[in-house]
Each structure stands twice: as C-alpha cells, then as structure tokens.
1. Suppose we keep just the alpha-carbon trace of the stretch 283-345; what are its Rg and Dmax in angstrom?
2. Write down the Å³ per residue value for the convex hull defined by the alpha carbon atoms of the stretch 334-377.
3. Classify the stretch 221-279 as rounded, prolate or oblate, taking a ≥ b ≥ c as the square roots of the eigenvalues of its Cα gyration tensor: rounded when a/c is under 1.5, otherwise prolate if a/b is larger than b/c and oblate if not.
4. Take the residue pairs Lys91/Lys265; Lys81/Lys103; Lys92/Lys137; Lys401/Lys425; Lys150/Lys175; Lys91/Lys276 and return only those whose Cα atoms are more than 20 Å apart.
5. Could you give me D for the stretch 152-251, from Stokes-Einstein at 10 °C and 1.306 mPa s, where the hydrodynamic radius is the Kirkwood radius over C-alpha pairs? Units µm² s⁻¹, please.
6. Based on Cα coordinates alone, diagonalise the gyration tensor for the stretch 296-449, multiply each eigenvalue by 5, take square roots, and list the semi-axes in whole Å, largest first.
7. Dividing the convex hull volume of the alpha carbon atoms of the stretch 1-59 by its residue count, what do you get in Å³ per residue?
8. When the Cα atoms of the stretch 313-395 are enclosed in a convex hull and the volume is divided per residue, what value in Å³ results?
Amino acid sequence: MKRPNKIIVVGGNAAGPAAAAKAKRYNPNADVLLFEASEFISTGTCEMPYVLSGEIDDYRKIVFFTPESFQQEKGVKVFEKHFVQEIDVKKKRVIVKDLIEDKILEHDYDRLILATGSKAKTLPGFDTQLKNIFTLKNINDLIRLDKYVKENQVTKSIIIGSGYVGLEAAEALIKRNVQVKIIERENKPLPGADEEFSDEILKILNKNEVEFLGGVKEVEPVITGDKLIAVRSGDKFIETDLVLLSVGFEPDTFLAQSSKLELGKSGAIKVDQYLKTSDRFIYAAGDNVEVLNAVSGKPDYIPLATHAYSLGHIAGENAAGGNAKYEPIVKNISVKIFDKFFASVGLSSVEAKSNKIAFEESFAKARNLVAVMPDSDLVLAKVLADNNTKRILGASFLGDKEVSGYADLVSALIKLKSPASTLSKINYNYTPPLSPLVNLLNIIGKKFG
C-alpha cells in the first residue's frame with residue numbers, strides 16, 4: 001500500500017506534536033505539517049498550577065519546543081498562530097487563517113489528524129473577556145492570570161468549582177498570599193470522589209484556610225465597568241478581586257462538527273481503535289476523542305495528558321501508513337492537595353453505579369511507614385470489586401507520594417482483570433524509611449478473601 005505523502009496535524013499541545021513527530025518517524029518521506037492557533041506548541045498543561053504558585057519560576061520552562069526547535073529536531077513544519085477554520089473533506093483540503101499576516105491559506109492533505117484538544121467550560125454571565133475573570137486551560141490563560149495577580153493588589157479570590165484544577169489553583173493562590181473561597185455546586189469538594197475522601201479533602205482545605213462553600217446551585221456575577229466586583233448567590237454577595245472558573249472541560253469539536261464527522265454520546269469525536277474517524281482519511285487523538293473504557297467496556301470521555309500523548313503516537317503512525325491499535329483505557333489520575341496526594345484509578349463507586357455494575361468495596365487506613373519512623377503517616381484506601389467476577393473495578397487513595405505507586409499497581413491489575421484478592425498475594429518490599437512491614441494493599445486484599 002502506498003504511504004501518504006502529505007500529513008496535516010491540527011493542534012499543537014499534547015496529542016498534536018506526538019502525532020506529528022511519530023508520523024515523520026514512521027514515514028520519513030512524508031511532508032508533515034502542524035498548525036496551531038496560538039503562539040505556543042508542546043506545552044505542559046498539568047504543570048501550570050506550579051508556575052502560578054511560583055514553584056516553577058518561569059512559564060517558558062513548560063514550553064518544551066518552539067516551532068523552530070520542533071522542526072529542527074522532529075522534521076515537522078510548524079505553523080504557529082495559524083487557525084484551521086474549515087475542512088473541505090471532498091477535496092481533502094484545509095482552509096487556514098494566518099493570524100500573523102491576516103490572510104487565508106489552503107493546504108491539501110492525504111491524511112489529516114485532528115488534535116484540537118478540549119476547552120474550559122464557562123458559566124453564563126462570567127465573561128472571560130472581563131479583566132478579572134479567568135480560566136486555567138492553556139499557557140495564555142496562565143500568563144494572563146499570573147500577570148493580573150502580580151500587577152494588581154489581589155488579596156481575595158473565588159474559585160468556582162472544586163475539581164482537580166480548582167484544588168491545585170487554590171493551593172497556588174494561597175502560596176501567593178491570596179485568600180481563597182471555593183464555591184461548589186455539590187456539597188463536598190472533588191465531586192465524583194467517594195465520600196470518605198471528599199470528607200478528608202474538606203478537612204485539608206479548612207486546615208489550609210481555604211473557605212469551602214458547598215451546595216451552591218446558582219451563582220451570578222456582579223460587574224462594574226470591565227471588572228467583576230462580587231459573586232452573588234441568593235441573597236449573599238461575596239466580594240472578590242478575581243474569579244477563576246474551574247467547572248470542567250469539554251472536547252473542542254468545532255472542526256469535526258462542521259465537517260460532519262460522527263460524534264459519540266459524550267460529545268467527543270467517535271473513533272475506532274485505530275483512531276480513524278467516520279471519514280477514512282481523517283484521524284483524531286487527544287482530549288477531543290471518545291475512548292473505550294477498559295473497566296466498563298463502554299465509550300467514555302477521559303481527557304488526560306498521558307492518554308493524549310499515547311493516542312497521538314498511534315494516530316501519527318496510522319496516518320503515516322501504520323496499523324497500530326490503542327488498548328482500552330484505565331483512567332488513572334492523581335492530584336496534589338496541599339501536603340497530601342489523591343489518586344483515583346478505574347471506576348469510583350459513583351461511576352460503577354452509573355454503569356449499573358453491582359460491586360463490593362473495602363476501605364482501610366494504614367501507615368505508609370512503620371510507626372516509629374519520623375515521616376510515618378496514615379494513608380486511606382478504597383478498592384471496588386465486581387460482585388460476580390470479583391475482579392478489581394477501581395480504587396482511590398489519599399496519602400503521601402506512595403499513592404502514585406498504589407494506583408499504578410492497581411491499574412495494571414485492572415488491565416489483567418485480576419480479582420481483588422490478588423492484592424493480598426503480592427510480595428511487597430519492606431525497608432523502614434521507604435515502605436511499611438504490612439502493605440496497605442495487602443490489608444485491603446485480605447478483606448476480599
């Protein structure tokens with residue numbers, strides 16, 4: 001089969017550069033072009049809260065390539081500040097707005113990869129064009145928020161939403177001596193986490209002087225001129241110097257929809273296991289696609305940088321003439337919450353119930369080191385198992401850095417469809433400064449018999 005000669009990639013964050021680089025490696029003779037609407041490519045989105053906090057001292061440290069360095073190292077032609085506004089699927093052509101020269105360009109393709117990612121959700125009335133309403137989704141968002149905090153006398157802030165980004169941003173702002181109030185629609189922080197963990201996370205927020213306002217169903221901005229001065233909830237007015245919206249992400253499917261590509265139930269682009277869309281010449285990868293959940297066996301929307309990167313590689317190889325398949329995905333995500341870490345892998349109990357899976361669960365607390373060691377502390381764990389097959393469905397952990405290893409081990413066992421009792425049969429290591437004599441996972445596994 002003749003390999004494609006011209007491959008165009010749309011989107012330059014995680015999946016796009018991975019796809020473009022892989023396509024060029026797989027088919028060195030192909031002409032590979034990458035278009036990105038902003039001035040940045042290959043950025044560290046997950047690292048942004050740590051730039052905001054000052055732990056990473058310059059946003060440029062999380063911009064891993066310039067267009068020039070990417071072309072030199074990967075052999076891919078990069079067009080920054082070029083917005084792909086239309087796909088002519090019949091002619092296999094993209095119509096591109098050059099935002100620098102303010103002109104329209106047209107490029108033909110043999111294969112096209114959509115890596116348009118996701119976009120931050122907003123709330124009615126909270127216009128991010130106002131000078132002190134922000135989201136935190138890309139480098140430009142980060143630069144804008146960081147600059148505002150530096151140049152204005154910001155002493156108090158409101159974060160609307162207490163998901164992963166909201167919790168990370170709360171810590172970042174506290175480190176910059178900004179008071180933080182979190183407004184959340186649900187009663188507890190980190191909606192979707194099991195109650196044992198959201199209760200503990202609330203305690204962590206209170207300990208670190210973050211005021212949590214839960215069960216707030218409606219909020220509206222109070223605006224004077226070009227600034228928000230307060231947030232209204234019912235009869236209550238909460239004054240603030242800035243608002244950060246952290247109400248989730250949604251797939252950016254503008255191009256896919258205008259090109260009549262099929263979308264899945266989640267609203268993300270529907271792809272097969274080769275990441276091909278409903279148009280056989282167009283692939284898609286990253287936060288804009290729907291993937292197969294390895295636990296539920298159903299299509300799901302799992303927007304994570306790790307998956308975007310690996311899916312980008314597969315889409316790039318296949319667009320260049322390969323035949324790689326992606327494996328169904330186990331959601332495996334972690335977040336730092338002040339001096340603790342939370343990790344969630346597979347399904348939570350909320351997700352298991354929504355998938356109508358009957359399950360049993362085991363919750364335990366144990367020390368990460370033997371009690372006599374100075375850094376010994378409690379770790380919380382919960383594991384879910386299928387009522388019928390006894391295979392592990394998911395787990396959650398709250399503790400120190402060891403929770404990452406726990407989650408990765410459970411992720412592997414989920415892939416292998418192992419029963420929960422396997423956790424009690426593993427030979428865990430032990431040395432007092434590093435690990436406990438009796439591992440928390442061993443304790444959990446024994447509860448499943």
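The values are calculated or read from the model by the stated rules, or taken from the named source; none is laboratory data. These numbers come from a predicted model, not from an experiment. Here Cβ is always computed from backbone atoms with ideal geometry, including for glycine, and neighbour counts include all displayed protein chains. These area figures cover heavy atoms from the full protein model, side chains too; ligands, DNA and RNA do not enter into them. Shrake-Rupley method; radii C 1.70, N 1.55, O 1.52, S 1.80 Å.
1. Cα only, the stretch 283-345: 13.7, 47 Å (Rg, Dmax).
2. 91
3. It comes out prolate by the Cα gyration axes.
4. The pairs that break the limit, which is 20 Å between Cα atoms, are Lys91/Lys265; Lys92/Lys137; Lys401/Lys425.
5. Roughly 115 µm²/s, to the nearest whole number.
6. Semi-axes from the Cα gyration tensor: 30, 20, 14 Å.
7. 92
8. On the way: hull volume 14.2 nm³, N = 83.
So the per-residue hull volume is 172 Å³.
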